[in-house]
Amino acid sequence: GPTDDDVAIMHDAFHFHPLAIEDTRNARQRPKIEEYPDYLFLILNPINQQEPLFCELDAFVGANYVVTVHGAAEPVVAEVQRRLSRGNTSLPISAGYLMYLLIDAVVDGYFPVLDNMEEEIEGLGDQILVEPSKAMLNHLFELKKTLVDMWRVVWPQREIMNNLRDRN
């Protein structure tokens, strides 16, 4: 998250709204988008590939900048940097394009986790019919809980995309 120095830069150099800055300091926020006169503020929740835990990625998107705020090294930001370093786009690199790349990398991160969960559920389904056990049922319920948690995060992010699409 941001240090006091980072907060001072967001306030003094960029003049971000105090409530948006406060949101960057409070981890575990729901995905959302807020429109301010000169920028958009987004809270996205990328997923950790090792275990289905969501982290928070905050982004301020202005006419000619994107400022991200996150905890330790954020793989989504590294992925965007990797995509840009390939240089295989004919599109101009703009703040809007960077925002698109951030959102695309967040969404792309969900698919491997969902694929792994699908394989686990299929395997458990086959095993449960042959030799049911309490451990298998517990694991199945854990997977269900994880899917419900994912739904709580993914659905609001879908609404962010709808809001961006419907902006005039």
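The values are calculated or read from the model by the stated rules, or taken from the named source; none is laboratory data. Just so it is clear, the structure is predicted and the values come from calculations on it, not from any experiment. Neighbour counts run over all protein chains shown; Cβ positions are idealised from the backbone, glycine included. Keep in mind that these areas ignore ligands, DNA and RNA; they rest on the heavy atoms of the full protein, side chains included. Shrake-Rupley method; radii C 1.70, N 1.55, O 1.52, S 1.80 Å.
Applying a threshold of 8 Å to beta carbon distances and a minimum spacing of six or more residues, or different chains, the list of pairs starting in the stretch 28-50 at a residue that is crowded, with 21+ Cβ neighbours inside 10 Å and ending at one that is of a type in the set (Lys, Arg) and at pLDDT 90 or above reads 42/32; 43/32.
For residue 20, the conditions (1) within 14 Å of the chain's Cα centre (by Cα); (2) of a type in the set (Gly, Ala, Ser); (3) open to solvent by less than 50 Å² (accessible area, probe 1.4 Å) are fulfilled apart from (1). What are the residues in the stretch 1-12 that are open to solvent by 70 Å² or more (accessible area, probe 1.4 Å) and of a type in the set (A, V, I, L, M, F, W, C), if any? Matches in the stretch 1-12: 9 only. Going by the conditions given, is residue 128 at negative phi, in contact (Cβ under 8 Å) with a residue 12 or more places away in the chain and more than 20 Å from the chain's Cα centre (by Cα)? Yes; evaluated as a whole, the condition is true for this residue.
The number of residues in the stretch 4-42 being assigned to a loop (DSSP other than H, G, I, E, B) and farther than 12 Å from residue 69 by Cα comes to 12.
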